[in-house]
Every structure is written in structure tokens, then in C-alpha cells.
Amino acid sequence: MSAEQPEDADEQEEDIQYFVRIGQNDLDGTKSVERSLTELNGIGHRAVRIIAEKAGVDRRETIGALDDEKIDEVVDLVEGFAEEVPDWLANHRNDFFDGETTHQTGSDLDLTRQQDINRMKMIDSYKGVRHKRGQKVRGQRTKSTGRTEGTIGVNVEAIKEEQAEEEEAGEE
């Protein structure tokens, strides 16, 4: 019996897909479904739980060890996530051009976000102007945080340096 167990372990390791492709991204097949899917931009823990539940997969199971049908089902659910969930859970609601609600993942999310920011800059909306200036966009405080230029107010380090120089000049 002990001779059969290592063979079974070797067979299980051979059945693992080390890379699972979703869109333009390769996911690590040696990690759990939850961990590997959350590494994909646009998919969080809540989305993974919904996807795993709809696919009938345990989210703690290794994604590369799943059957090909289950992997295909998970990939289809990730790619069609916006159709499976309410609109408020999708990350790109009411597209500017066609009004559709989609859920962007991977590099598509970065591209869509950059296009939205560029459009705001071109039409000089309030948020676009803030993006152009490099200031905070969502109403955060700017009086004391987010400063990028020189020191405003008292520079304690400069005062200490001046005092140290004066003391050295006085000793000589």
C-alpha cells in the first residue's frame, strides 16, 4: 500500500496545470482558486466567492488541479462577470459611449481607466483639471497633505542645521 501512495501523489502533481490563462493573463496554477483569481486586477475577494459558488468549486482548492471543464467554467464566469451579478457590483458602470455596464479585468481595466481620465482632461471637467494639476481628485484635504513642492511653514531641520553652524563658528 505504501508503494501506491507516492505514485498517486506523482499522478496528482502531473495533473496540475501550472498556468491557467484568463484573457491576457496567466494565473499561477499551484495556488488556490481564491488566491490566484485575486491576483487578477479587477477581481476581489467578494467576486471570487461569487464565481466559485456559481461554478460549484471550493475556493480553497488548487486551481490547476481542477478538471478542464471546471477551469473553463471559472474562466467563462470571470469573463462574463457583469452579466452574472447586479450592476452595482460591476467595476465599469454606464460606459460613456454605449451606456453598457461591464466588468473589466487585467490590462483592460488599466486601459479603460486611463481612457476615462484622458477624456476628463480633454473636456476640462473638474476632475480632469485636478488630474492635470496632479492634485487630489476625490475631495480629500489638501491643506496639510499631498504636498509635492517645498516646505511650507517652519522647517525644523534647517533651523537645527543653522544653529549647529553658528555653534561651530562661535567655538572657533
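Against the numbered list (1) in contact with a Leu (Cβ under 7 Å, 6 or more places away or on another chain); (2) among the polar types (S, T, N, Q); (3) modelled with pLDDT under 90, SER36 comes up short only at (3). Out of the residues in region 45-101 that are among the polar types (S, T, N, Q) and buried (at least 16 other Cβ atoms within 10 Å of the Cβ), state the one that is nearest to the chain's Cα centre (by Cα). For region 45-101, the residue satisfying everything is ASN91. Against the criterion of being in a loop (DSSP other than H, G, I, E, B) and out of contact with any Leu (no Cβ under 7 Å at 6 or more places or on another chain), GLY139 qualifies. Contact annotation: residue pairs with Cβ atoms under 6 Å, 6 or more positions apart or on different chains, pairing a residue in region 65-86 that is touching a residue at least 12 places away in the same chain (Cβ under 8 Å) with a partner that is in a helix (DSSP H, G or I) and surrounded by fewer than 18 Cβ atoms within 10 Å (Cβ to Cβ), are LEU77/LYS54.
Determine which member of the set GLY106, GLY146, GLY134, GLY139 is in contact (Cβ under 8 Å) with a residue 60 or more places away in the chain and on the phi > 0 side of the Ramachandran plot.
Numbers: GLY146 fails: in contact (Cβ under 8 Å) with a residue 60 or more places away in the chain; GLY134 fails: in contact (Cβ under 8 Å) with a residue 60 or more places away in the chain; GLY139 fails: in contact (Cβ under 8 Å) with a residue 60 or more places away in the chain.
The unique qualifying residue is GLY106.
Just checking, does region 5-27 include any residue being within 29 Å of GLY99 (Cβ to Cβ) and at pLDDT 90 or above? Step through it out loud before you land on a result.
Within region 5-27, the first condition is being within 29 Å of GLY99 (Cβ to Cβ), and the residues that meet it are 22-25.
After this cut, where a residue has to be at pLDDT 90 or above as well, the list is none.
Taking every residue of region 5-27 in turn, none turns out to be within 29 Å of GLY99 (Cβ to Cβ) and at pLDDT 90 or above.
Output the qualifying pairs, or none if there are none: Cβ atoms under 8 angstrom, residues six or more apart or on different chains, first residue in region 30-45 and free of Cβ contacts under 8 Å to residues at least 60 places away in the same chain, second residue assigned to a loop (DSSP other than H, G, I, E, B) and of a type in the set (Gly, Ala, Ser). Every condition considered, the pairs that remain are SER36/GLY29; THR38/GLY44.
The values are calculated or read from the model by the stated rules, or taken from the named source; none is laboratory data. This is a predicted model, so every value here is computed, not measured. Cβ atoms come from the backbone with ideal geometry, glycine included; neighbour counts cover every protein chain shown.
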